[in-house]
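**Student:** To start, I am sharing the structure in question, which I have written as structure tokens.
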Amino acid sequence: METKAFQKIYTQLVGITKATCSLRAQGVANEELAMVHGRLAQVVKIIGDVVTLQVFGGTEGIPTNAEVIFYGEPPKLKVGDDLAGRFFNAYGEPLFGSTDVEGSPKEIGGPSVNPLRRKQPSELIATGIAGIDLNNTLVTGQKIPFFADPDQPYNQVMANVALRAKADKIILGGMGLTNDDFLYFKNVFENAGALDRIICFVNTTEQPPVERLLVPDMALTAAEYFATEKNEKVLVLLTDMTLYADALSIVSNRMDQIPSKDSMPGSLYSDLAKVYEKAVQFPDGGSITIIAVTTLSGGDITHAIPDNTGYITEGQLFLRKDSDTNKVIVDPFRSLSRLKQLVIGKKTREDHPQVMNAAVRLYADAANAKTKLENGFDLSEYDERCLKFAHDYSLRLLAIDINIDIDAMLNQTWELFAKYFTKAEVAIRQEFVKKYWPAEQ
Amino acid sequence: MKTKGKVTGIIANLVSVEVDSPVAQNEICYIYRGGVKLMAEVIKVIGKNAYVQVFESTRGLKVNDTVEFEGHMLEATLGPGLLSKNYDGLQHDLSKMDGIFLKAGDYTDALDYDVDWEFTPLVKVGDEITAGCWIGEVPENWINHKIMVPFKLTGTYTVKSIVEKGVYKIKDTIAVVTDGDGNSINLSMEQKWPVKMAITAYKDKPRPFKIMETGVRSIDTFNPIAEGSTGFIPGPFGCGKTVLQHAISKQAEADLIIVAACGERANEVVEIFAEFPHLDDPRTGRKLMERTTIIANTSNMPVAAREASVYTAMTIAEYYRGMGLKVLLLADSTSRWAQALREMSNRLEELPGPDAFPMDLPAVIANFYARAGLVYLNNGQTGSVTFIGTVSPAGGNLKEPVTESTKKAARCFYALSQQRADGKRYPAIDPMDSYSKYLEYPEIIDYLNETIDAKWVETVLKAKNFVQRGKEAYEQINILGDDGVPVEYHDRFWKAELIDFIILQQDAFDKIDASTPLLRQKFMLDLIVGICDNPFKFEHFEECSTFYKGLINSLKQMNYSVYESEEFFKFEEEVKSIINERKA
């Protein structure tokens, strides 16, 4: 952003911390942008004539006589069709030497949708992964994170989901992404020939952490443009929201705020909700769906970040390495899509809800059998069959490298039922059993 | 003359204002940002500086911006037409706002001032009246909306004039009353009341003495909630809190439902918006929406208005209680409200209490819950506000401050258990951890024994005991293995499972099972406890589990059948024959 003529330049800072600096200035508006010593900053606090700025690029090397220029407006992103197919940094500046975006500037982090003007989500998003489509069906306008340990291949799964979902635009918001992962996303999107549908806003680990705070707002402002102006189905990928929350805690810490649980700011719930609640089904057909990643430490979901996230999002997806099949699977017990009820058996085949529940119940019986085995108790014949079923079920349905349509998933599950169980053990409504139970061979 | 001020500091939605004349704690003010008015509330005053929490985003606000104080606290607008409305936390009508996105400062009227209401007077000239007296009524949906003497009036007044029966608009003067000194006051159908104060224009608040049917068996049978009482539902995410609350709001035997969606997911509110206008109210045959008012402050709406939303909802509930109605108020979730308090307390740099919540949190929660209750109005009729709040404990830990404080204030506790939810045993209300204090109230025990059955409470306690013994047996089986315990332990365990599967578990998505009337609950409980009373003998534990599994299957079909239908009795016969076979 260029400076305008006759702008007042301040040259005396009265305080500097690791993330903020303050100075005396007049007529400054809350949340407006400023340039401090060539780095972008935003007003976060005004007390009398002392203005505190959050410096996105960090305050390293900023002298007390640094030049400060106020822009008189909050952060904006130029939105237009020209955004498509491009890569941006956290400030919305094009990367890889591409030209400026043509479009009209729009404030980021804008107002919320009137809840009364939302539409109830009802459109299914097919991903080909049975652990998702069959057990935890996603719906447009939904917000759902992957809860995963850092060693799990969540970025790969997310990239797959994004490419297979029939979205008009895929917007990636990368926060604290390693450069390797960023290049991975870039390659996958390029190889899939999907670049014209992709928009990326990226803050990598090589860049200052506070910058990340801009990324979700940038990505979602672009998403709102395509969803409201073009009535498009937009899929927003946010990875990794744990690093976003960490950046929030850095800033609140530097501003001397009293931390609440797990050193997180007391406003963590509202801060995360502001991002996730941008997921919406608009009445005119456009939608914003958010798939995010929240990395856990040692699978602990009681930590403030996943805990608050779970209360905000519409379910969560858990990845787990299944030692029996040596595959990464979508955990059917801990994963949940709260909106699946809106589509399963309605937009998908009628037997979907019952087949899904029966399979998960039998998989749970297998888990019990396994515990019995580990505790040295004898297995019944039924237990043995459950274990065999669980093995096939994980391999042919839960594994994340599956790519089939939902009818095929249902048929495969019926086949497994018939292979290992009696009709009574499966206990599905009679009319479905008549219709779908595979014929004896 | 209104007090004026100018902005001197801004930290997120906390703004300090230098004022030129007196201001009151909790006084409402408007901050002028360019051409937009932003509503705010005074929460602290030091010297000439008033600290206000702004109910909107403060982006773009500057030092020296003008502030105008209103001279009153945050008030709810009360009058005919509140039902079926969808409000934001400050009672602005969401349906009157233009555009898809909410705009800061877009404040719409709570009531429709151009609608005609058919007014029938209930007092005559010369009558003496006090605050809360019914001076007339208008039909609103299916209720007789009573027009009451404003709660703000103190002392006794005399009716000087009252309009004839006819059609009037809300702001028309419908009566003139005079006070002891002969001063006249014009009354319309509308009145205002500060939301943070309880409406106390009633004669007496007795202990609750009757129960409120919800159709949810694990509540009505096991831990009943009394009319005019308070309950709360804590549970980790994914335990079915929202489904349970929606079930209660659809089925409860209340005249009106006020739902405060406080800091929760927008799509959940959308579900209510989408479904309630189509769902039938089984009691009146009309649409559920006709008896429902929704206060929506979803998690992405301004934080300060979240706190206001529960108070606004309570005030509307108290207003309808004054008409002699049974009101059920649901708030999902009170934790979000507590978090809003925490955010402000933090910005005010107050010394924090546990988990950084403000020190007075327990008192704030207790005061709020105390506003519920069954009351005798001045005319001898009863009205009630029953309040059920949900709590979202951080990390599922029930020892956190909001749950602890609420536990001290509420009389019914419905603990949702992660374990039950994982096992898909819904509703996930834990039968052992949950409690209803009302089962200890002699007046409630008498009421239950009179209205349901002379032995009802005894039977319920017996059932609870079976569940308790089953749980203990289960722990032993887990430690010692299936054949490490006497077969009798398996029998105990399965009796508890029988009660769990048939009484406690209920399918909220099944047309028939979703709601069970008390009479049917009694029938099933008697049947199940009757079965449990039998000392069955088994040779082997597998024989035991096979017997009970078959029994559960047939009893479940009873739950899914229309009560007292042919099908229902057919399954009952099936159950009887399974038992007789066993006894033989």
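**Student:** Only four residue types carry charge here, +1 at the Cβ of Lys and Arg and -1 at the Cβ of Asp and Glu. Report the dipole size of segment B:217-438 about the Cα centre in Debye, rounded to the nearest 20.
**Tutor:** Result for segment B:217-438 is approximately 380 debye, rounded to the nearest 20.
**Student:** I've got another one for you. Counting only chymotrypsin sites (Phe, Trp or Tyr not before Pro) that are in a DSSP loop and have at most 15 other C-beta atoms within 10 Å, tell me the longest site-free stretch of chain A.
**Tutor:** Formally, the longest exposed-site-free interval is A:97-332.
**Student:** Continuing with the same structure: Please give the direction-averaged projected area of the C-alpha convex hull for segment A:318-428, in square nanometres with one decimal.
**Tutor:** Taking a quarter of the hull surface, the average projection is 7.2 nm².
**Student:** List the trypsin sites (Lys or Arg not before Pro) in segment B:63-144 that DSSP assigns to loop (not H, G, I, E or B) and whose Cβ has at most 10 other Cβ atoms within 10 Å. Which are they?
**Tutor:** For trypsin sites (Lys or Arg not before Pro) across segment B:63-144 that sit outside H, G, I, E and B with at most 10 neighbouring Cβ atoms in 10 Å, the list reads B:124.
**Student:** If you don't mind, there's one more thing I want to ask. If each DSSP helix of 4+ residues adds -39,500 (n - 2.57) and the sum is divided by the residues in chain B, what number results at 222 nm, nearest 500 deg cm²/dmol?
**Tutor:** -10000 deg cm²/dmol
**Student:** If amide hydrogens are placed 1.01 Å from N in the peptide plane, which non-local residues have theirs closer than 5 Å to the one on residue A:146?
**Tutor:** Those lying under 5 Å, H to H, from residue A:146 are A:292, A:293, A:294, A:317.
**Student:** Taking 7 Å along the Cα-to-C-beta vector as the label spot, tell me the residue B:583-residue B:25 distance in nanometres, rounded to one decimal.
**Tutor:** 6.8 nm
**Student:** To the nearest 20 debye, what charge dipole does segment A:1-80 have about its Cα centre, counting +1 at the Cβ of each Lys and Arg and -1 at the Cβ of each Asp and Glu?
**Tutor:** Values: 8 positive and 7 negative charges, 10 e Å.
Roughly 40 debye, rounded to the nearest 20.
**Student:** Just to check, using Stokes-Einstein with a Kirkwood Rh over alpha carbon pairs, what's the diffusion coefficient of segment B:456-583 at 20 °C and 1.002 mPa s in µm²/s?
**Tutor:** It diffuses with D of about 141 µm²/s by this estimate.
**Student:** Then there is this: Take every DSSP beta bridge with both residues inside the protein assembly as shown and express the antiparallel ones as a percent of the total, to the nearest 5.
**Tutor:** If we restrict to bridges inside the protein assembly as shown, about 65 percent are antiparallel.
**Student:** In degrees, nearest 10, range 0 to 90: what is the angle between the Cα axis of helix A:381-393 and the longest Cα principal axis of chain A?
**Tutor:** Relative to chain A, helix A:381-393 is tipped by roughly 40 degrees.
**Student:** Another one. Along the charge dipole of chain A, pointing to its positive end and built from +1/-1 on Cβ of Lys, Arg, Asp and Glu, which listed residue (A:301, A:204, A:176) has its Cα farthest out?
**Tutor:** The listed residue farthest towards the positive side: A:301.
**Student:** Quick check: the angle from helix A:179-191's long axis to the longest principal axis of chain A, C-alpha only, nearest 10 degrees?
**Tutor:** Approximately 60 degrees, to the nearest 10.
**Student:** Please report the relative contact order for chain A, taking Cα pairs under 8 Å with a sequence separation of at least 6, and give it as a percent rounded to a whole number.
**Tutor:** Details: 884 pairs, mean separation 72.7, N = 441.
The value is 16 percent.
**Student:** On a 0 to 90° scale, report how tilted helix B:541-560 is relative to the longest principal axis of chain B, with both axes built from alpha carbons and the result rounded to the nearest 10.
**Tutor:** Computed tilt is about 50 degrees.
**Student:** I'd like to know which of A:367, A:36, A:113 lies farthest towards the positive end of the charge dipole of chain A, counting +1 on Cβ of Lys and Arg and -1 on Cβ of Asp and Glu.
**Tutor:** Towards the positive end, the residue furthest out is A:113.
**Student:** If you don't mind, there's one more thing I want to ask. At q = 0.06, 0.14 Å⁻¹, work out log10 I(q)/I(0) for chain A with the Debye formula, treating every Cα as an identical point scatterer and leaving solvent out; two decimals please.
**Tutor:** One equal scatterer on each Cα of chain A leads to -0.31, -1.27.
**Student:** Continuing with this model, one more query. Starting from 0.36 nm per residue, how many nanometres of slack lie between residue A:431 and residue A:391 once their C-alpha separation is accounted for?
**Tutor:** Here the segment from residue A:431 to residue A:391 would lengthen by 11.6 nm.
**Student:** Within segment B:480-581, which trypsin sites (Lys or Arg not before Pro) sit in a loop by DSSP and count at most 14 neighbouring Cβ atoms inside 10 Å?
**Tutor:** Passing both the DSSP loop test and the Cβ count: B:511, B:537.
**Student:** Next question, about the same structure. Past 25 Å, Cα to Cα: identify those pairs from B:37/B:96; A:419/B:556; B:44/B:103; A:434/B:556; A:106/B:62, in the order given.
**Tutor:** On the way: B:37/B:96 18 Å; A:419/B:556 28 Å; B:44/B:103 27 Å; A:434/B:556 22 Å; A:106/B:62 21 Å.
A:419/B:556; B:44/B:103, as the Cα separations exceed 25 Å there.
**Student:** Cα-based Rg (one decimal) and Dmax (whole number) for segment B:32-177, in Å?
**Tutor:** Cα-based Rg and Dmax for segment B:32-177 come out at 19.6, 56 Å.
**Student:** Starting from one equal scatterer on each C-alpha and no solvent at all, send me the Debye-based log10 I(q)/I(0) for segment A:198-353 at q = 0.12, 0.17, 0.20 Å⁻¹, two decimals.
**Tutor:** Taking Cα atoms of segment A:198-353 as identical point scatterers yields -0.64, -1.15, -1.36.
**Student:** Can you give the % of DSSP beta bridges in chain B that are antiparallel, to the nearest 5?
**Tutor:** Percentage antiparallel, nearest 5: 70.
**Student:** Shifting gears a bit: With all pairs of different alpha carbon atoms counted, what Kirkwood hydrodynamic radius in Å does segment A:9-70 show?
**Tutor:** On the way: mean 1/r = 0.0912 Å⁻¹.
Hydrodynamic radius (Kirkwood, Cα only) of segment A:9-70 equals 11.0 Å.
**Student:** What are the extents of the Cα atoms of segment B:4-73 along their three principal axes, in Å, largest first?
**Tutor:** 27, 20, 18
**Student:** For segment B:186-283, what is the convex hull volume of its Cα atoms per residue in Å³? Display every interim value, and only then the final one.
**Tutor:** Numbers: hull volume 18.3 nm³, N = 98.
About 187 Å³ per residue, rounded to a whole number.
**Student:** Report the one residue of B:189, B:547, B:212 whose Cα lies farthest in the direction of the positive end of the charge dipole of chain B (charges on C-beta: Lys and Arg +1, Asp and Glu -1; origin at the Cα centre).
**Tutor:** With unit charges placed on the Cβ atoms, the residue in question is B:189.
**Student:** Something else: Could you give the dipole magnitude of segment B:456-583 about its Cα centre, charging the beta-carbon of Lys and Arg +1 and that of Asp and Glu -1, in debye to the nearest 20?
**Tutor:** 360 debye
**Student:** Additional query: Where Rh is the Kirkwood radius over the Cα pairs of segment B:94-204, the temperature 25 °C and the viscosity 0.890 mPa s, what D in µm²/s does Stokes-Einstein return?
**Tutor:** Value of D from the Cα-based Kirkwood radius: 156 µm²/s.
**Student:** Here is a further query. Using the reciprocal of the averaged 1/r over all distinct C-alpha pairs, how large is the Kirkwood radius of segment B:364-511 in Å?
**Tutor:** Working: mean 1/r = 0.0546 Å⁻¹.
After inverting the mean inverse Cα-Cα distance, the result is 18.3 Å.
**Student:** Quick check on chain A: helices-only [θ] at 222 nm, where DSSP H runs of length 4 and up contribute -39,500 (n - 2.57) each and the sum goes over total residues. Nearest 500, please.
**Tutor:** My calculation for chain A gives -9000 deg cm²/dmol from helical runs alone.
**Student:** In angstroms, what radius of gyration and Dmax does segment A:1-155 have, counting Cα atoms only?
**Tutor:** 21.1, 62
**Student:** Assuming 0.692 mPa s and 37 °C, estimate D for chain B with Stokes-Einstein, Rh taken as the Kirkwood radius over Cα pairs, in µm²/s.
**Tutor:** 125 µm²/s
**Student:** Check residue B:287: other-chain or 5+ apart residues with amide H under 5 Å from its amide H, H built from backbone geometry?
**Tutor:** B:281
**Student:** Further question on the same structure: Local charge sum around residue A:52 (other residues, Cβ-Cβ under 10 Å, Lys/Arg +1, Asp/Glu -1)?
**Tutor:** Values: positive: A:45, A:254; negative: none.
Summing Lys and Arg as +1 and Asp and Glu as -1 gives +2.
**Student:** Can you compute the equivalent ellipsoid semi-axes for the protein assembly as shown, i.e. the square root of 5 times each eigenvalue of the Cα gyration tensor, sorted largest first and rounded to whole Å? Write down the numbers at each step before the final one.
**Tutor:** Details: eigenvalues 458, 368, 116 Å².
They are 48, 43, 24 Å, listed largest first.
Each value in this text was obtained by applying a stated rule to the coordinates, not by laboratory testing. Just so it is clear, the model here is predicted, and its values are computed rather than measured. In this analysis, Cβ positions are derived from the backbone assuming ideal geometry, glycine residues included, and neighbour counts consider all displayed protein chains.
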